[in-house]
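Here the structure is laid out as structure tokens; the discussion comes afterwards.
The values are calculated or read from the model by the stated rules, or taken from the named source; none is laboratory data. Source: prediction; values computed, not measured. Note that each Cβ is placed from the backbone with ideal geometry, even for glycine, and that neighbours are counted across all protein chains shown.
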Amino acid sequence: MRFFGKKSPLGFSSSSTAEEVTQGVDGTGLTAIVTGAASGIGAETARVLALSGVHVVIGDLNFAVAMDVKAAIVKKLPHAKVDVLELDLSSMASIREFVLEFHSLNLPLNVLINNAGILSLHQFMLSKDNLEQHFAVNYLGHFLLIDLLLEKMETTAIHSKIEGRIVNVSSIGHYMTYREGIRFDKINEESSYSGFRAYGQSKLAVILHSNELARRLEERGMQITSNSLCPGFVSNTNIFRLPTLLWGLHLFKFLTKNVQQGAATTCYVALHPQVKGVSGQFYRNCDIAETSSQAQDQELAKKLWDYSTSLIH
């Protein structure tokens with residue numbers, strides 16, 4: 001992706017790879033959970049974190065494929081530490097079971113990377129908890145996951161004296177949301193459903209939650225940061241393997257990134273010393289970037305927090 005050539009203060013750009021932006025960063029002793037790491041930028045994120053010495057726990061619905069990812073990592077990095085646990089973000093029961101299984105591993109938790117996501121442009125579908133699927137999988141499932149793991153992250157930060165990092169993968173697609181931003185009273189309304197806008201709504205929710213979480217973490221004096229990011233338009237991943245997008249991706253392929261480039265910002269925000277102490281920001285191409293005005297609406301963020309809390313409880 002050479003079209004947008006602006007470089008970050010450290011010299012990274014849209015064409016930088018995950019390995020390049022973490023070169024020289026030692027993650028030995030850290031443990032990270034990466035959701036949706038059975039393919040695409042999630043799998044690359046897991047590989048590069050393992051390469052940096054991080055103990056990686058993959059949480060994915062497709063357990064068998066995730067095991068293949070683990071095998072591929074260990075084959076090239078025999079000393080890599082990788083665990084795989086099944087995780088269905090469309091099911092709160094599955095999320096709770098995942099957390100119980102993670103606790104049974106008796107591992108610390110330094111980094112939580114909420115990477116998993118879906119994009120379904122045409123078909124309206126509900127999650128296993130009867131919520132619109134984009135909102136459930138891209139946002140609410142991770143909201144619950146963070147809620148259940150926050151105490152573990154706090155304990156780890158206190159004992160290790162290393163700040164915890166929560167990394168939330170959003171998208172510039174958050175600009176595409178419904179007019180009101182978050183349709184609290186119409187989350188499951190099928191008659192006015194738009195796949196693009198439902199996706200945009202879920203990604204807006206990710207940023208709003210990430211910002212509100214950062215505020216609350218600081219308020220409580222917790223040594224944990226929360227940031228969101230856009231990986232860019234990444235070609236050849238599951239989320240973009242849609243017939244309706246193939247023509248567009250072919251036409252604008254010079255605007256897309258490969259998975260190595262797509263995972264760069266995630267790995268940067270998760271590991272790089274430059275991000276230490278930074279919280280409540282939105283990153284793109286390894287640099288702080290602007291968001292929509294709705295994503296900066298603090299009252300909307302608080303309302304979303306209360307709404308989400310009522311849903312998970």
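Just a few scattered comments:
- Residue satisfying all of: in the range 66-92; of a type in the set (Gly, Ala, Ser) and in contact with an Asp or Glu (Cβ under 8 Å, 6 or more places away or on another chain); farthest from SER39 (Cα to Cα) among these: SER91
Conditions (1) over 23 Å from LYS276 (Cβ atoms); (2) in contact with a Gly (Cβ under 9 Å, 6 or more places away or on another chain); (3) in contact (Cβ under 8 Å) with a residue 24 or more places away in the chain, marked per residue:
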site: LEU109; (1), (2), (3): no, yes, yes
site: GLN133; (1), (2), (3): yes, no, yes
site: PHE143; (1), (2), (3): yes, no, yes
site: ILE158; (1), (2), (3): no, no, yes
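- When restricted to residues that are among the β-branched types (Val, Ile, Thr) and buried (at least 19 other Cβ atoms within 10 Å of the Cβ), the range 147-171 contains 4.
- Going through (1) surrounded by 20 or more Cβ atoms within 10 Å (Cβ to Cβ); (2) touching a strand residue (DSSP E or B) at 6+ places or on another chain (Cβ under 7 Å); (3) acidic (Asp, Glu) one by one, GLU212 falls short only on (2).
- Condition check for GLY42: under 20 Å from the mean Cα position of the chain (by Cα) and at pLDDT 95 or above: yes
- Search result, residues across the range 171-197 that are hydrophobic (A, V, I, L, M, F, W, C) and either more than 12 Å from LEU119 (Cα to Cα) or in contact with a Lys or Arg (Cβ under 9 Å, 6 or more places away or on another chain) (or both): ILE172, MET176, ILE182, PHE184, ILE187
- Check on THR291, modelled with pLDDT of 95 or more and touching an Asp or Glu at 6+ places or on another chain (Cβ under 9 Å): no
- Residue list for the range 258-313, restricted to those being assigned to a loop (DSSP other than H, G, I, E, B), of a type outside the set (S, T, N, Q) and under 16 Å from the mean Cα position of the chain (by Cα): ALA263, GLY280, CYS286
- Filter result (in contact with a helix residue (DSSP H, G or I) (Cβ under 9 Å, 6 or more places away or on another chain) and among the charged types (D, E, K, R)) within the range 291-302: ASP297, LYS302
- Residue within the range 137-148 that is in a helix (DSSP H, G or I), touching a strand residue (DSSP E or B) at 6+ places or on another chain (Cβ under 6 Å) and of a type in the set (Phe, Trp, Tyr) present: no
- Among the numbered conditions (1) under 19 Å from GLY164 (Cα atoms); (2) of a type outside the set (Val, Ile, Thr); (3) at pLDDT below 95, the only one that GLU212 does not meet is (3).
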